[in-house]
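Any read-out appearing in this document is the output of simple, stated calculations on the displayed coordinates, not a laboratory observation. If you're wondering where the values come from, they're calculated on a predicted model, not measured in any experiment. Heads up, the Cβs are rebuilt from the backbone with ideal geometry, glycines too, and the neighbour counts pull from every protein chain shown.
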Amino acid sequence: MKIGIVGVGAVGTVCALASIMRGAAREIVLLNRTRKRAAAVATDMRYGTPLSPVTEIHDGDYQDLAGAALIMITAGVNEKSGGATDRNDPAGRLKLLSENVKVYAEIVPRIVRAAPDAVLLVVTDPPDPLADHARRLAGHARVLSTGTYLDSLRFRVHLAGELGVSPASVEALVVGEHGTSQVFLWSSARVAGVPVLEEIERRGQRRHELVKRIEADVRYANITIIEGNNASQYGIGMVSARIAEIILRDERAVIPIGSCHAAYGATFSLPSIVGRDGIIAVIEPDMSDDERQALRRSAETIRTAEVLQAS
């Protein structure tokens, strides 16, 4: 199976490398505004492919996306260059929307002309409102955002660290916007079937302080990473490669991922069954009243950002 990656900056490069290492696709095509960069990255990675599952990687133009089952879109202004690294700014990644809408207006129609049957995975920040925009440009519903898959993994990692267990043993979800209005589903977080908050209290830890600290660590993880490494790229690259696997293999795995929810009027993340054509079904989890209200506010945050961008 074939995938395309449009945008070979920090994130796009890691998406490609992670896809090779996981054997997510048989063929990967890299597109970049500067083709010389795409060619250099593809050449560099090609020399290492004998150590990975069989993968052909090369640079190309839009017509070379023909036949791709999935196309990751990573092009656009990033958080650091776009000034979206202020923890005190509630807009967060949404500050990048206006500039990246312009980028998508240029590239999405060209992608769809070349690969009309492909699933589009929006990785560029802010991915949720950009997925809404890309869906309108594409004229079809096979458009997803990476959403809160990475946020949920971050949540699990931090909880696991507190509990002294493997993150694989923790069940915990972040839903809503991939951004500052994201919603942590503490009410359904579990370890060995035991509610995480109950286990925390059993161990004598202060619940309120722990909740506040973990939410801040996860919500602003991207900024912490950027402060030390200029770009938050590795986690999202690994997540994007995993999503590619799920789609190309028609795994029907359940993951928190961004798709359009008509009842809320916005694209955001809920646990969803994902397969070859994108979202097969959404499984909306039980939530506390506070979590449900927070999810509605998160959807409103995304809708408002879209209205402001369009005005």
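Numbers for the structure displayed
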{"read-out": "Relative contact order of the chain, defined on C-alpha pairs under 8 angstrom at six or more residues apart (%)", "value": "19 percent"}
{"read-out": "At least 30 Å along the helix axis (C-alpha) and Kyte average at least 0.0, DSSP helices within the chain", "value": "none"}
{"read-out": "Full-stretch length increase - ASP290, GLU171 - with 0.36 nm per residue and alpha-carbon distance subtracted", "value": "40.9 nm"}
{"read-out": "Size of charge dipole - region 149-306 - debye, nearest 20, with Cβ of Lys, Arg +1 and Asp, Glu -1, no other charges", "value": "180 debye"}
{"read-out": "Selection from ALA39, ALA24, GLN63 lying farthest towards where the dipole of region 2-145 points positive, charges on Cβ", "value": "GLN63"}
{"read-out": "Region 149-306 shape via C-alpha gyration tensor axes, a/c threshold 1.5", "value": "rounded"}
{"read-out": "Test item: Cα-centred dipole of the chain, Lys/Arg +1 and Asp/Glu -1 on Cβ, debye", "value": "480 debye"}
{"read-out": "Most mobile listed residue (THR224, THR148, THR74) in the chain, GNM with C-alpha springs under 10 Å", "value": "THR224"}
{"read-out": "Inter-site label distance for ARG249 and ALA310 at 7 Å from Cα along Cβ, in nm", "value": "3.9 nm"}
{"read-out": "Under the Karplus curve 6.51 cos²θ - 1.76 cosθ + 1.60, θ = phi - 60°, whole-Hz ³J(HN,Hα) for region 187-193, x wherever Gly or Pro sits", "value": "5, 10, 5, 9, 9, 6, x"}
{"read-out": "Within the chain, helix-based [θ] at 222 nm, where runs of 4 or more DSSP H residues each add -39,500 (n - 2.57), nearest 500", "value": "-14000 deg cm²/dmol"}
{"read-out": "Protection proxy ranking, peptides 80-93, 59-72, 125-138, average beta carbon neighbours within 10 Å, highest first", "value": "125-138, 59-72, 80-93"}
{"read-out": "Given charges at beta-carbon only (K, R positive; D, E negative), |dipole| of region 2-145 in Debye", "value": "100 debye"}
{"read-out": "Region 158-265: relative contact order as a whole-number percent, Cα under 8 Å and 6+ apart", "value": "17 percent"}
{"read-out": "Residues in region 221-265 reached by a label modelled at GLU27 [backbone nitrogen below 19 Å; 7 Å Cα→Cβ]", "value": "244-245, 247-250"}
{"read-out": "Of CYS15, ALA114, THR124, farthest towards positive along the dipole that unit charges on Lys, Arg, Asp, Glu beta carbons give the chain", "value": "ALA114"}
{"read-out": "Efficiency of FRET between ASP61 and ALA141 - r from beta-carbon atoms, R0 45 angstrom, step 0.05", "value": "0.95"}
